[in-house]
Amino acid sequence: MGPSNRPLRLLYPVATMEYARQIARDWNTRDEKSGFSGFVTTFELDGSYLSNFKPHTVGSSEHVEYWIPAKDLSLFNGAIRGLIRLEEGFFGTPFTGHIPDAFGLKGKDAVAQFVALSESWEYSTFDVAYEMSANRKTADWQMREKRPLRGPVREEAGPTLKNYITPTGLQRLKDEHRFLLSRERPAVVEVVAWAASNGDRSENADYLYGKRRLGQIDSRIRFLTKRIDAAVVVDPAA
C-alpha cells in the first residue's frame with residue numbers, strides 16, 4: 001500500500017530515520033503548505049501504548065510507520081517519554097520562514113534574520129534577546145545549532161581611566177555614537193543580509209566589505225562607549 005492510499009484522519013509517526021529524512025527532505029521542502037521546509041524529530045513512546053498498534057510497511061523495507069487515530073492525539077502525546085529532539089532540518093529554494101512585521105527584523109526572511117541576529121550577537125546579546133522576544137513567531141531554531149553560538153568576548157577588568165573632556169567634545173562623541181548605532185550600522189547590516197541572500201559569499205564583494213565594515217563600526221562603538229562612560233566634563237572657561 002503506497003502513502004497515497006493510507007487511511008485518512010490518522011497520525012503517521014515513522015519508525016526509521018531514513019524514512020523520516022525522506023519525508024522532510026524530498027517531500028516537505030517541495031510543499032508550499034509545509035512552508036517549503038521539513039524537520040526530523042525523534043522521541044520515545046511508552047512501549048505498552050505502542051503495542052496497541054501494528055507497524056505498517058508502505059513501500060520499501062525502510063518505509064515503516066504506525067497509524068494512530070487523530071482523535072487519540074492527546075493519548076499519543078501523553079505516551080511520549082522524555083523530550084522531543086530536533087535532529088535535522090531541510091529547506092527548499094522558495095523557503096523564507098516566518099517574516100516578522102515589526103522591529104529590527106521587519107521584512108527579513110530567515111537568512112537575513114540569521115545574519116542580522118548573528119551580527120548583533122557580536123555586539124549586543126541584549127539586542128538579540130529583545131528581537132527574539134519581540135518576534136516570538138520567529139522560530140528560535142534559527143539561533144539553535146548543535147554547536148552553541150560563540151558568547152560575547154569579555155575583556156578583563158582593568159583600572160578605570162578618567163576621560164577629561166569639554167562639553168562640546170562629549171557631545172561630539174555622543175553624536176558619533178548615536179549615528180553609528182542607529183543609522184550606519186543598521187544600513188550596513190541590511191546590505192550584508194541582502195548580499196548574503198544572493199548565494200556564494202566567497203567572492204561577494206558587498207558581503208565581504210560589509211562584514212569588514214561592521215567589524216570596524218562595532219570596534220568604534222565600543223571605543224566610544226568606553227570614552228563616554230569614563231567622561232569627566234570640564235569647563236574650559238572655568
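Taking label points 7 Å from Cα along the Cα-to-Cβ direction, residue 232 and residue 53 give a separation of 7.3 nm.
Computed from the Cβ-Cβ distance with R0 of 35 Å, the FRET efficiency linking residue 62 to residue 208 stands at 0.20.
Kindly flag which residue pairs out of 106/174; 162/211; 33/71 have an alpha-carbon separation exceeding 29 Å in this structure.
162/211
Listed peptides 19-31, 56-68, 108-120, 77-89 appear in the order 108-120, 19-31, 56-68, 77-89 once ranked by packing, highest mean of other Cβ atoms within 10 Å at the front. Note on residue 182 and residue 26: the extension gain reaches 51.9 nm, defined as 0.36 nm multiplied by sequence separation minus the Cα-Cα distance. For residue 86 and residue 223, the FRET efficiency from 1/(1 + (r/R0)^6), where r spans their Cβ atoms and R0 equals 41 Å, is about 0.55. Applying 1/(1 + (r/R0)^6) with r as the Cβ-Cβ distance of residue 162 and residue 191 and R0 = 30 angstrom yields a FRET efficiency of 0.20.
Note on the range 1-117: Cα-only Rg and Dmax are 17.1, 50 Å.
Pair-distance distribution of the range 51-97: all C-alpha pairs, bin width 10 Å, starting at 0; shares per bin in whole percent are 18, 31, 38, 13, 0.
Every number here is computed from the coordinates shown, using simple stated rules; none is lab data. Just so it is clear, the structure is predicted and the values come from calculations on it, not from any experiment. All Cβ positions, glycine included, derive from the backbone under ideal geometry; neighbour counts span all protein chains shown.
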